[in-house]
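Down below is the structure, laid out as structure tokens.
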Amino acid sequence: MNVKAISTNVGKALLVSALFMFLSMIVSIVNGRDEAFGPLLISFIITLLVGAFPFIFVRGRQPLTLKDGFLTIVLSWLLSFIFGMLPYVLYGGEFTFINAWFESVSGFTTTGSTILNDIEALPKGLLFWRSSTHFIGGLGVVVFLLLVIPDASPYRLKLTNMEMSSLSKEGYRYKSSKVVWIITTVYVSLTTAILLSLWAAGMPFFDALNHAFSIAATGGFSTRNLSIGAYGSDTINFIVLFFMALCAMHFGLIYAVFATRSFKPFKNSVTAYYFGSIAVMSLLIMFSLLTEGGYDSFGRAVMDSTFTVVSYMSTAGFAICDNAEWPWLAGVVLLFASFQCGCAGSTTGGIKVDRILIAFKAISNEIKHRLHPSSVSHTRLSGHHLADGAVSAVLMYIVVYFVVIFISIIAVMLCGCEATEAVSGVIASVGSVGPGLGELGCLDNYSAQPAMAKFIYAFDMFLGRVEIYPVLVVISMIFRRNR
């Protein structure tokens, strides 16, 4: 194990958190040095010292091995969670130790679940830090790290390949250094566009900035208890809806659209399936609301259904209505949306649209083969032939994903949670969606969940954010080393 290289790179990731803690302190000072200043100052100093420690005392580094790369990624995320919870713990209030851990993990993984009953009671400095964890996590702790690693360094290539799934790499035809800057450029540009649009629509600047961080990261943390619904503006609703849908698309395609000044990059089967599934699910929920949900306004049913579907699929988790009492058909549709989520190469979680589409095509291909055993057919996606190994990897990931959900649901139910909350809460956590069903709906929170259940939810958020395998690899390495 290359302790020197790992500690130095993890230290860089912590310095990113320290930077945003410092910015949160400035927000606190601007707002009359509110109650968050002390906790943020102490957290900033601790995180800065720990992050800078390897640069002061560690000398010399060897190239990263495969195992070192996985350890760097997992430790960067875990230590970001730990130091990210310091402002919450030191502030107190609703933030018990487990609540602070839950909120920190939810923020960095861009899940958006919360334990807060009264978000608006928090000082602005802490609200800004809370949204900042979304911004950091959305771009990726490791991507921030890659931005400060020299282009020619072997570290960059190895960490880029490990941080991005094979599906995410599709759509990028550039060197690893170019990929990192494309992701960053699109991410920052989207954040800026969202900020200016919301501000122009009448949202206060502070709220617009916090929501821009959350929407670009498809996170879900809001500065209001009623989320986007608190503003009562159809214009704001449309803006949030549009950007949630956009931010759930592959960043490489978004970049290509602007680079080529053409919408041709969007003309592929994945994008078609993505928008088609949004339309179908929205229509199903709209029908459910009009027939069984007590809605008498067609326009309201269309807006609420479409916004909520996009909110769940993009894993943003924002709300303009309360879906706790929606009919079961609507709930089942939202569960599927929470499984599928957005596109690979975006900030969303879940199985991803790409994998679901590949699975459907693989099943169709197998049926054709059974009907015509002598024929030769291949699984294709957007006109490209997929190797059997790639298809097998996708199907294996889906199996592992469901195994994680199954085990987690049993564990959460053993903690004393009701079935509806356990199932939807686990699915929402692994998929980084945030809200579930019933008592965990759009306008509810996780505060009433047992402490052990919150820990399981948080672990599921982490698994979902790094797409499971890096964590399993590190756990396997630990057990083998102990043997």
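The values are calculated or read from the model by the stated rules, or taken from the named source; none is laboratory data. Values in this document were obtained by computation on a predicted structure and should not be read as measured data. Using ideal geometry, Cβ is built from the backbone for each residue, glycine included, and neighbour counts are taken over all protein chains shown. Ligands, DNA and RNA are excluded from the accessible area calculation, which covers all protein heavy atoms including side chains. Shrake-Rupley method; radii C 1.70, N 1.55, O 1.52, S 1.80 Å.
Here are the numbers:
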{"item": "Distance between modelled label sites at residue 121 and residue 238, nm, 7 Å Cα→Cβ extension", "result": "3.7 nm"}
{"item": "Surface share of carbon and sulfur [accessible, 1.4 angstrom probe, percent] for segment 24-113", "result": "74 percent"}
{"item": "Reach of residue 178 by Cα under 18 Å, taken over aspartates and glutamates that are not fewer than 8 positions away in the same chain", "result": "151, 163, 170"}
{"item": "The chain - mean residue ellipticity at 222 nm from DSSP helices (-39,500 (n - 2.57) per run, n ≥ 4, rounded to 500)", "result": "-22000 deg cm²/dmol"}
{"item": "Whole-number percent relative contact order across the chain, with pairs defined as alpha carbons under 8 Å at least 6 apart", "result": "16 percent"}
{"item": "Label-point separation, residue 35 to residue 300 (7 Å along Cα→Cβ), nm", "result": "3.6 nm"}
{"item": "FRET efficiency, 1/(1 + (r/R0)^6) with R0 22 Å, evaluated for residue 360 and residue 292 via beta carbons", "result": "0.15"}
{"item": "J(HN,Hα) series, segment 13-22, from Karplus relation 6.51 cos²θ - 1.76 cosθ + 1.60, nearest Hz, glycine and proline x", "result": "5, 5, 5, 5, 4, 4, 4, 6, 5, 5"}
{"item": "Gained length - residue 4 relative to residue 56, 0.36 nm times residue gap less alpha-carbon distance", "result": "17.6 nm"}
{"item": "Rg/Rh (Cα only; Kirkwood hydrodynamic radius) as it applies to segment 360-483", "result": "1.12"}
{"item": "Simple spin-label estimate for residue 280 and residue 469 in nanometres, 7 Å along Cα-Cβ", "result": "2.7 nm"}
{"item": "With every protein chain in place, segment 331-483: carbon and sulfur % of accessible area (1.4 Å)", "result": "66 percent"}
{"item": "Surrounding net charge for residue 114, when Lys and Arg each add one and Asp and Glu each subtract one, Cβ distance under 10 Å", "result": "-2"}
{"item": "Leading residue at positive end of dipole, segment 1-134 (Cβ point charges), from 88, 8, 38", "result": "8"}
{"item": "FRET efficiency estimate (nearest 0.05) - Cβ-Cβ, residue 403 to residue 65, R0 35 angstrom", "result": "0.80"}
